[in-house]
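Here the structure comes first, spelled out in structure tokens, and everything after it is commentary.
Values quoted throughout were computed directly from the atomic coordinates according to the rules given, and no laboratory measurement underlies them. Being a predicted model, the structure only gives us computed values, none of them experimental. For neighbour counting, all protein chains shown are included, and Cβ atoms are generated from backbone atoms with ideal geometry for every residue, glycine included.
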Amino acid sequence: MARILLGVSGGIAAYKALETVRLATLVGHAVRVIQTPTSRRFVGEASFAAITGAPVLTSEFEPDPARGAYPGEPVPERAPISHLALVERADAYLVAPATANTIAKLAGGHADSLLTTAALAATCPVLVAPAMNNRMYLHAATQANLRTLAARGVIVIPPGTGQLASHGEHGVGRLPEPPQLLAAVERALAAAHGPLTGTRVLVTAGGTQEPIDAVRFLGNRSSGRMGFALAARAAARGAEVTVIAANVGLEPPAAATVVPVQTAAQLTDACVRQFDHADVLLMAAAVADFRPAAPAPGKLKKTAADAPTTLALEPTEDVLSALAARRRPGQLIVGFAAEHGAGASAYGREKLERKRLDAIVVNDVSQPGIGFGAADNEVLILTRDGAERQVDRAPKETVADAILDEVQRLRAQQVGDGAAPFDRARS
Ligand code: CTP
């Protein structure tokens, strides 16, 4: 878990900073708090100290009783020389709420308080969450200051729109809710420190729909949950994620770029466009193997004299095999296999070989409560190096983590010998 430094400046929304600290400590982060003198008029240091379990600092000249340690760490025998020890050791520095005045000082590079001085000295990701009256937020000066900060790499967490502190006022300037603030910090932490930082992951999710006529289609029961869970968990590990989503009705993962498609042909086009930029392909989508050969342009009428009673089908392209055949060294490809009943493992291994994959995730869709549409899954992960990992029934996010652990293991091997696992296994 991370060391988070929180800078609180003097706005009414300071009460939300308390809840943010509570949520962060609840999930195991170690939090230290710096307050501006004005912020103490809104929330006292005793509240922050009680929740973090560590002293709160306000001035550069004040000695830190915890000597720069974060909660859970041993207090050093000697006090650090610098009053900036807290920010030097932080994994992320969040300023929330950030008032117009504090934002102006940060943009101007002022160092007139511990909060602003720490921002100048920070080498970790810095996040600023503006909170103020809407006219102050929209003022050209504040907007210019925020642009200056963003251009320097500071992450500006946009404020929400709604009721503001001044009576009857409504508009933009509300501090985002504590879970959103924490999510922004965790995204920044993952982007800076996650094991998949710098890795571009392409995920396909959902199930394709192949038109029979203008209103009917051939489809499958895939909900896209597994693909979206993979995308969300890969992003949480710092990956840059693109999801090609075939007919997924779920809330898309906030940290991923989503490309919506409907048919196998559209999915193929999108995959071909995106694949060259990807380091890892996770092919979780259920792609139709066949499509109607001649979809009717309008709606077929059952009363029409020529109403068809059979459907002529043609095969679709096997996207996974096509992409595996044109991969460049270093690209890692994971396929999925929905198998039914006994022999799932043997079918999976055969598919891995035939499609020239690095790994295949096999799930037995004959079991109730897992697989298509369900929140849980139970899978067998087979890898090109002969390893086999059983993941017992668990939420799809947990299964996604197990799959990503295997991806990281295989990528570490790639880095080790400079070849794709597929090439190495064949040689
Ligand atoms: N897949 C694909 N293109 C297709 C069909 C499937 O890329 N036209 C991918 C799926 O996304 C999945 C993997 O191939 O990752 C396995 O799909 P599956 O349909 O089980 O493979 P098949 O080779 O068609 O096997 P089966 O004969 O069991 O249907």
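In table form, for the structure just shown:
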| quantity | calculated |
| --- | --- |
| Charge dipole (the range 153-255, unit charges on Cβ, about Cα centre) - positive-most of Gln163, Ile212, Gly227 | Gly227 |
| For the range 1-48 versus the range 253-328, the gap between their alpha-carbon centres in whole angstrom | 49 Å |
| For the range 3-188: rounded, prolate or oblate by the Cα gyration tensor [a/c cutoff 1.5] | prolate |
| Nearest-0.05 FRET efficiency for Thr161 and Ala79, computed from C-beta distance (R0 41 Å) | 0.35 |
| Label-point separation, Asp306 to Thr197 (7 Å along Cα→Cβ), nm | 6.3 nm |
| Under 16 Å from Lys301, Cα to Cα: aspartates and glutamates that are on another chain or at least 8 residues apart | Asp213 |
| Residue of Leu410, Leu149, Leu26 that the Gaussian network model of the chain assigns the largest fluctuation, springs spanning Cα pairs under 10 Å | Leu26 |
| Farthest toward positive dipole pole in the chain [+1 Lys/Arg, -1 Asp/Glu at C-beta], among Ala324, Gln414, Leu380 | Ala324 |
| Paramagnetic reach from Phe61 in the range 77-110 [backbone N under 15 Å; point 7 Å along Cα→Cβ] | 83 |
| Kyte-Doolittle mean at least 1.0 and Cα axial length at least 24 Å: DSSP H helices in the chain | none |
| Anchor Lys351: lysines whose Cα lies under 30 Å away (excluding residues fewer than 8 positions away in-chain) | Lys396 |
| With eigenvalues of the C-alpha gyration tensor scaled by 5 and rooted, the chain, Å | 49, 27, 18 |
| Between the range 204-249 and the range 155-202, the alpha-carbon center distance in angstrom | 26 Å |
| Fraction of antiparallel bridges per DSSP, the chain only, in percent to nearest 5 | 30 percent |
| Neighbourhood net charge (15 Å Cβ-Cβ; Lys/Arg +1, Asp/Glu -1) for Arg187 | -1 |
| Dipole magnitude of the chain, debye to nearest 20 (Cβ charges: Lys/Arg +1, Asp/Glu -1, about Cα centre) | 620 debye |
| Rh by Kirkwood over Cα pairs, then Stokes-Einstein D for the range 297-427 at 0.890 mPa s and 25 °C, µm²/s | 145 µm²/s |
| Shape category assigned to the range 196-426 from the gyration tensor of Cα positions, a/c cut at 1.5 | prolate |
